[in-house]
1. Would you pick out the residues in the range 157-191 that are open to solvent by less than 60 Å² (accessible area, probe 1.4 Å) and farther than 21 Å from Leu225 by Cβ?
2. Can Gly222 be described as away from the ligand (no atom under 16 Å from the Cβ) and either open to solvent by 40 Å² or more (accessible area, probe 1.4 Å) or assigned to a loop (DSSP other than H, G, I, E, B) (or both)?
3. Between residues in the range 266-280 that are among the basic types (Lys, Arg) and residues that are within 16 Å of the ligand (Cβ to nearest atom), which pairs lie under 8 Å by C-beta distance while being six or more apart or on different chains?
4. I'm checking my understanding of the structure. Among residues of the range 253-268 that are more than 25 Å from Leu161 (Cα to Cα) and more than 7 Å from the ligand (Cβ to nearest atom), which one is most open to solvent (accessible area, probe 1.4 Å)?
5. Across the range 132-151, what is the number of residues that are in contact with a helix residue (DSSP H, G or I) (Cβ under 9 Å, 6 or more places away or on another chain) and open to solvent by less than 40 Å² (accessible area, probe 1.4 Å)?
6. Among (1) at pLDDT 95 or above; (2) away from the ligand (no atom under 16 Å from the Cβ); (3) open to solvent by less than 70 Å² (accessible area, probe 1.4 Å), where does Tyr247 come up short?
7. Give, as residue ranges, the strands (runs of 3 or more DSSP E) completely inside the range 57-126 that count at least 3 residues that are touching a helix residue (DSSP H, G or I) at 6+ places or on another chain (Cβ under 6 Å).
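The values are calculated or read from the model by the stated rules, or taken from the named source; none is laboratory data. Values in this document were obtained by computation on a predicted structure and should not be read as measured data. Glycine also receives a Cβ, built like all others from the backbone with ideal geometry; neighbour counts cover every protein chain displayed. Remember, those area values only see protein heavy atoms, side chains included, never the ligands or the DNA or RNA. Shrake-Rupley method; radii C 1.70, N 1.55, O 1.52, S 1.80 Å.
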Amino acid sequence: MPELPEVETVRRGVQAQVVGRRITAVEVGRERTVRRTSRQALIDGLTGATILAANRRGKYLLCPLDTGDELMVHLRMSGRLLVAAAGTPRPAHTHVVMHLSGSPRQELWFVDPRTFGEVVVFDPANVDVELPELARLGVDPIADGLTRTQLATLLAGRRRLLKPLLLDQHVVAGVGNIYADESLHRARLRHDRLADSLTSREVGRLRDAVVSVLTEAVEAGGSTLTDTQYVDIEGGQGWFQVHHRVYDRAGQRCITCGKADIQRVMMGGRSTCFCPRCQH
Ligand SMILES: [Zn+2]
């Protein structure tokens with residue numbers, strides 16, 4: 001599932017190639033992609049609009065339009081946003097096509113085999129009603145910055161396990177399973193520590209680990225795993241997966257200590273990978 005670094009990579013692609021262009025026509029195939037509103041609402045909201053910017057909060061890609069509305073794209077499990085020359089054969093599961101002004105003639109595709117993703121046009125003045133979860137999003141460690149003091153405040157008094165807390169988008173926005181496991185490993189903290197049991201040194205290590213892991217992953221263009229279809233807007237793969245130390249490495253020797261094997265446990269229906277020696 002695309003997380004902050006993957007969505008940030010897509011955002012940079014949109015910034016470079018799509019911002020400033022007008023959407024001349026819109027096609028919507030599968031209605032599930034526009035389930036929050038409707039096919040007609042998306043067509044009416046986008047046709048003739050110019051994309052003014054490409055922003056991101058957590059895993060949400062947000063593009064202000066010259067109409068005053070904003071385009072929101074959420075990739076969820078398997079969504080991809082791709083720029084292609086007009087007339088190029090479209091891949092299966094292309095649910096939304098935006099025709100772009102300018103030369104060369106290009107289209108912006110939303111492709112999503114598993115159809116959990118969403119494309120929405122909303123009024124930012126009415127975000128609490130139209131996209132309530134966006135209004136309640138937590139701190140984005142890259143877009144907002146995350147200080148040690150802020151993280152200490154977020155963890156204080158929380159009788160919750162550390163990893164589910166990191167995955168809670170209302171607390172920290174953009175971190176998913178890959179980057180939670182990698183950040184906890186780098187911070188030498190177990191996933192099942194109680195959030196309010198961390199010393200201030202440990203909070204500092206966790207803050208530094210979250211920010212550095214996410215920053216390095218953005219520089220690497222995100223992680224493209226064998227079982228997911230994440231690519232950037234030109235179809236290129238990320239390569240941060242070669243730097244993963246625990247995620248998807250269960251049973252393999254820990255690269256950090258070289259003395260223990262990575263373990264995998266299930267927690268709330270999701271897998272967690274960690275080194276029992278480095279993270280104790
Ligand atoms: Zn280790």
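1. First, the residues of the range 157-191 that are open to solvent by less than 60 Å² (accessible area, probe 1.4 Å): 162-169, 171-185, 187, 189, 191.
Leu162, Pro164, Leu165, Asp168, Val171, Val172, Ala173, Ala187, Leu189, listed by residue number.
2. Details: away from the ligand (no atom under 16 Å from the Cβ): yes; either open to solvent by 40 Å² or more (accessible area, probe 1.4 Å) or assigned to a loop (DSSP other than H, G, I, E, B) (or both): yes.
Criteria met by Gly222.
3. Arg277/Cys254; Arg277/Cys257; Arg277/Lys259; Arg277/Ala260
4. Narrowing the range 253-268 to residues more than 25 Å from Leu161 (Cα to Cα): 253, 255, 258-259.
Among the residues that remain, those that are also more than 7 Å from the ligand (Cβ to nearest atom) are: 253, 255, 258.
Values: Arg253: 123, Ile255: 93, Gly258: 39 Å².
For the range 253-268, the residue satisfying everything is Arg253.
5. 8
6. For Tyr247, the failing item is (2).
7. By residue number, 118-122.
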